[in-house]
1. Rounded if a/c is under 1.5, else prolate if a/b is larger than b/c, else oblate: which is the stretch 102-246, with a ≥ b ≥ c the root eigenvalues of its Cα gyration tensor?
2. Could you rank GLU152, GLU241, GLU47 by how accessible they are, 1.4 Å probe, largest area first?
3. Please work out the average accessible area per residue across the chain, using the 1.4 Å probe convention, and give it in Å².
4. Would you rank TYR38, TYR27, TYR130 by solvent-accessible area, highest first, keeping every protein chain in place and using a 1.4 Å probe?
5. Can you give the accessible area of TRP52, probe radius 1.4 Å, in Å² rounded to 10?
6. Over the stretch 1-85, what is the percentage of antiparallel beta bridges among all DSSP beta bridges, to the nearest 5?
7. On the principal axes of its Cα set, how long, how wide and how thick is the chain? Give whole Å, largest value first.
8. Roughly how much of ARG215 is accessible, in Å² to the nearest 10, using a 1.4 Å probe?
Amino acid sequence: MTYKRIRVTHALSKSGLPDLDYSFNPYAGCAHACIYCYARAFTRYEEVSRNWGRIVYIKENIIDVLRDEIVSLKKGVVGVSTITDPYQPIESVEKLTRLGVELLLRSGFKVSIQTKSPLVTRDLDILERYRGQVNVGFTITTLNPKIASLIEPNSPSPLARAEALKRVSSRGLDTWVFLGPIIRGVNDTRSSLEQVIDLAFETGSKLFYDFYHHRPELAESMKPLLVENPLATGAPRIWRERVQEVIRALCDERGIECIPEFQAQPVERKIDDFLG
């Protein structure tokens, strides 16, 4: 993994999502190297995009920029992060996410965190202090470690994420689970979906879900999976409807709030609003 330091001129980007006003991305690129990750197609840094999972930019001055920006910005909800994992390994050293989240919360902003990393539990001292202003979401595509190792090769294990989610939830924080992307023939079985939904139920979390969106930029990273499962890039309507029926039925049985993600707008429009 190669890390490079860059300087930026802005810290927050406006968001087009109805539940987020801004996004905060302290890093560009992501060491987790998930083979399905669409963010590589939308990052503005070509070197990072071409070497996704191998090069990460550290925005070394982003906290100073953030401190200046928030003085004049209208208070709102900040997504942390939208095109990178804010708690990828380098965060344990740099602490840009921790510093940024604390600054935002202290300044009266609300924060919505999404991650695949148990490292978020390091910051429970801050999150608990501002419990009413923050929520924490974990992306859990599958609870099967073998499948996860194929599609999320450098990410923390899904079981470690599940334990971290339980810990965050036990502190009385608002939590949610992102079940996605759902990939045809990979993590779309009833048992696979049920395991994640049961975890959401156990932790009192909302469930968001979404399907895999294939893009030309993902052809190379997805190739090993497609060799084993050629159906993975396809998402015919009848398949999506069947999976949605299963998800909704399982959520209804457990009384879980179940929300389809990226439904109101195409993913390109949403992610374009997040570039930072």
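The values are calculated or read from the model by the stated rules, or taken from the named source; none is laboratory data. None of the values given here were measured: they were computed from a predicted structure. What goes into the accessible areas is simple: the full protein's heavy atoms, side chains included, and nothing from ligands, DNA or RNA. Shrake-Rupley method; radii C 1.70, N 1.55, O 1.52, S 1.80 Å.
1. Details: a/c = 2.12, a/b = 1.90, b/c = 1.12.
In terms of gyration-tensor shape, prolate.
2. In descending accessible area the options line up as GLU241, GLU47, GLU152.
3. On a per-residue basis, the chain sits at 44 Å².
4. The ranking, largest first, comes out as TYR38, TYR130, TYR27.
5. Surface open to solvent at TRP52 totals about 20 Å².
6. Counting DSSP beta bridges with both partners in the stretch 1-85, the antiparallel share is about 40 percent.
7. For the chain, the Cα extents along the three principal axes come out at 49, 40, 32 Å.
8. Counting only protein heavy atoms, ARG215 exposes about 40 Å² to solvent.
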